[in-house]
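Rule-based calculations on the coordinates, nothing more; no lab input. Just so it is clear, the structure is predicted and the values come from calculations on it, not from any experiment. Neighbour counts are summed over all protein chains in view; Cβ atoms, including those assigned to glycine, are modelled from backbone coordinates with ideal geometry.
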Amino acid sequence: MKATNLNIFYQLGSQLRYFIQEAHIGQEWDELFMFSHYAKEWLAAFIQETAEYGDSLVDSRASAQGLLNHVNTIFSLPQSDWKRPITPDEYIGLSNGQDEFEKNFEREHRNIDVFTVTPKGIYNTRLLMDRPEMQFPESLRPILPIQTLYDLKQAGRCLVFDIPTACAFHTCRATESLMLEYHGLLSGGPWNFKKRDWKIYIEQLTVQNAPLKITQRLGEIKSLDRNAYIHPDVNVSIEEAQVLYSLCLAVNFYMAEEMVTLKP
């Protein structure tokens, strides 16, 4: 997945058109230096931004590179040559290069899929996708297991991109891995029971005197939400996924808070 920087497309069109409009036959090249600088900068940015687009923008990228090469060739000459006037052939090269690029991009831009990510409750969508641990206080982040962080990120991305059932699945996985880590700190050793499900996790956390605010919340999630979400005939709505994410985030906070005090 790659976030498309739409500003590059806007700036390229704006600066390229401005550059060509300022040019005319007989004008000295050095009068266009600043205009060409910005045009070259955004042509290069466009080529770099679209490097991973495969066959989607083949002709657009080729014409952008050709135009960039044309301008670079002119301004790679000694500065004393910049005082010479623009010849008809040079101007036609610039104008035709712009026309070719715009026609190619007009045709090929339809191959690019650009989606708008809609807000998800009070959550920052960028943090949901990339840094879900930022929803925890800084003091608790180091205690979160790698598996928990992985599933939180997957859950956040599923929530952002409207894949609610998968969000519920990864949210529960993140909570489960944190439960196991928390139990290990309480008991002083790894999980050594054959069964691995929420029922026995909660039972053993209770045996280890985990606070009621944790075991009771986990029990509610297990009874009301988690058991249903693991069955293939149940689909989760985006609203339900947001609620489950919030519920698990709260109990994960309490577990992480307890884990900090237990960590040697």
Original post:
Angle between the Cα long axis of helix 212-221 and the longest principal axis of the chain, 0 to 90 degrees, nearest 10?
Top reply: 70
**OP:** For an R0 of 41 angstrom, estimate the FRET efficiency from the Cβ-Cβ distance between ILE92 and GLU41 and round to the nearest 0.05.
**Re:** 0.95
Original post:
How big is D for the chain, in µm² s⁻¹ as a whole number, if Stokes-Einstein is applied with the Kirkwood radius of its Cα pairs at 20 °C and 1.002 mPa s?
Top reply: 94
**OP:** Within the stretch 131-203, report the trypsin sites (Lys or Arg not before Pro) that DSSP leaves as loop and that have at most 11 other Cβ atoms within 10 Å.
**Re:** LYS194, LYS195, ARG196
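Please give me, ordered by residue number, the GluC sites (Glu not before Pro) of the stretch 137-216 that lie in loop per DSSP and have at most 14 other Cβ atoms within 10 Å. Each step should come with its number before you reach the end.
Details: sites: GLU138, GLU176, GLU181, GLU203; in loops: GLU138.
Counting only loop positions with at most 14 other Cβ atoms within 10 Å, the GluC sites (Glu not before Pro) in the stretch 137-216 are GLU138.
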Original post:
Tell me, how many Å apart are the Cα centres for the stretch 168-209 and for the stretch 23-68?
Top reply: 57
Original post:
Using Cα atoms only, what is the angle between the long axis of helix 6-22 and the major principal axis of the chain, expressed in degrees (0 to 90) to the nearest 10?
Top reply: 10
Original post:
When the dipole is taken about the Cα centre of the chain, and only Lys, Arg (+1) and Asp, Glu (-1) are charged at their Cβ, what size is it in debye, to the nearest 20?
Top reply: 1400
Original post:
In percent, how large is the relative contact order of the stretch 46-112, given Cα pairs closer than 8 Å and 6 or more residues apart?
Top reply: 54
Subject >> Under the Karplus curve 6.51 cos²θ - 1.76 cosθ + 1.60, θ = phi - 60°, whole-Hz ³J(HN,Hα) for the stretch 96-108, x wherever Gly or Pro sits >> reply: 5, x, 5, 4, 5, 4, 5, 5, 5, 5, 4, 6, 8
Original post:
Which length gain, in nm to one decimal place, applies between HIS109 and LEU262 when the Cα-Cα distance is subtracted from 0.36 nm times their residue separation?
Top reply: 49.5 nm
Subject >> Förster radius 45 Å - calculated FRET efficiency between ASP99 and ARG126 (Cβ-Cβ, nearest 0.05) >> reply: 0.75
Subject >> Size of the stretch 6-111 as Cα extents on the principal axes (Å, biggest first) >> reply: 42, 20, 19
Original post:
Given labels modelled 7 Å from the Cα in the Cβ direction, how far is it in nm from ASN5 to MET134?
Top reply: 1.8
Original post:
Name the GluC sites (Glu not before Pro) in the stretch 8-112 that are in a loop by DSSP and that have at most 11 other C-beta atoms within 10 Å, would you?
Top reply: GLU52
Original post:
What is the Cα convex hull volume of the stretch 125-262 when expressed per residue in Å³?
Top reply: 98
Original post:
Extension gain GLU31-GLU239, at 0.36 nm per residue separation less the Cα-Cα distance, in nm?
Top reply: 69.0 nm
**OP:** Please work out the Cα center distance from the stretch 238-264 to the stretch 89-142, rounded to the nearest Å.
**Re:** 32
Original post:
Using +1 on the beta carbon of Lys and Arg, -1 on that of Asp and Glu, and nothing else charged, what's the dipole of the stretch 125-262 about the Cα centre, debye to 20?
Top reply: 260
**OP:** Please state, rounded to one decimal and in Å, the Kirkwood hydrodynamic radius that the stretch 1-65 gives when every pair of distinct Cα atoms enters the mean of 1/r.
**Re:** 12.8
Subject >> Degrees separating the helix 146-160 axis from the principal Cα axis of the chain, which is the longest one >> reply: 60
